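Take a look at the structure set out below.
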Amino acid sequence: MGSLLHNQYFATAAYFTVTGLMMILFLSIFELVTRYRVWHELKQGNMAVAMATGGKIFGIANIFRYSIQEHASMGEALIGATFGFFLLLVSYFIFEYMTPSFNIDEEIAKDNRAIGFTAMVLSVGFSYIIGASLTR
């Protein structure tokens, strides 16, 4: 398998496939920790959920980008990206903790777009910090 990853096209397809599967897994984990049903809310047109979920998707993809760029093997890239994902998950809990006057998940479920946008930017911003840290 290692020699196959030296072929640019095979490596691209392999990273695309593995990252896509990991994206599904990581989004499922986010679905478990949120108090709203992401895909149901998206179907209902909840823009706050769309922004928060879009930020998570971008954040996960950005962490994978950094990890793939930095690591020589797919295994190392997956380990780094998985660690980065858990740090992104921690940032989600910190955001919830830092806003004791209201509940982030409830506000997003109520389509509070200001909170949804803030959640999106937080995910994207932390993904850059986490990604840059993975390259040290």
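The values are calculated or read from the model by the stated rules, or taken from the named source; none is laboratory data. Please read all numbers here as calculations on a predicted model, not as lab measurements. Glycine also receives a Cβ, built like all others from the backbone with ideal geometry; neighbour counts cover every protein chain displayed. Ligands, DNA and RNA are excluded from the accessible area calculation, which covers all protein heavy atoms including side chains. Shrake-Rupley method; radii C 1.70, N 1.55, O 1.52, S 1.80 Å.
Counting only protein heavy atoms and using a 1.4 Å probe, what share of the accessible area of segment 10-86 belongs to carbon plus sulfur, as a whole percent?
On the way: 2840 of 4020 Å².
Roughly 71 percent of what the probe reaches on segment 10-86 is carbon or sulfur.
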For the residue pair PHE102 and TYR128, what label-to-label distance in nm results when each label sits 7 Å from Cα along the Cα-to-beta-carbon direction?
2.5 nm
Rounded to the nearest 10 Å², what accessible area does MET98 show when all protein chains are kept and the probe is 1.4 Å?
130 Å²
Between GLU76 and LEU25, what is the label-to-label distance in nm when each label sits 7 Å out along the Cα-to-Cβ direction?
2.0 nm
Ordering ARG113, ARG37 by accessible area with a probe of 1.4 Å, largest first, what comes out?
ARG37, ARG113
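For the chain, report the accessible area per residue in Å² (1.4 Å probe, heavy atoms, rounded to an integer). Before the final figure, lay out each step's value.
Working: 7860 Å² over 136 residues.
I get 58 Å² per residue for this part.
Taking the highest mean first, how do the peptides 67-77, 83-93 order by number of other beta carbon atoms within 10 angstrom per residue? Display every interim value, and only then the final one.
On the way: 67-77: 15.3, 83-93: 17.8.
Most protected by this proxy first, the peptides run 83-93, 67-77.
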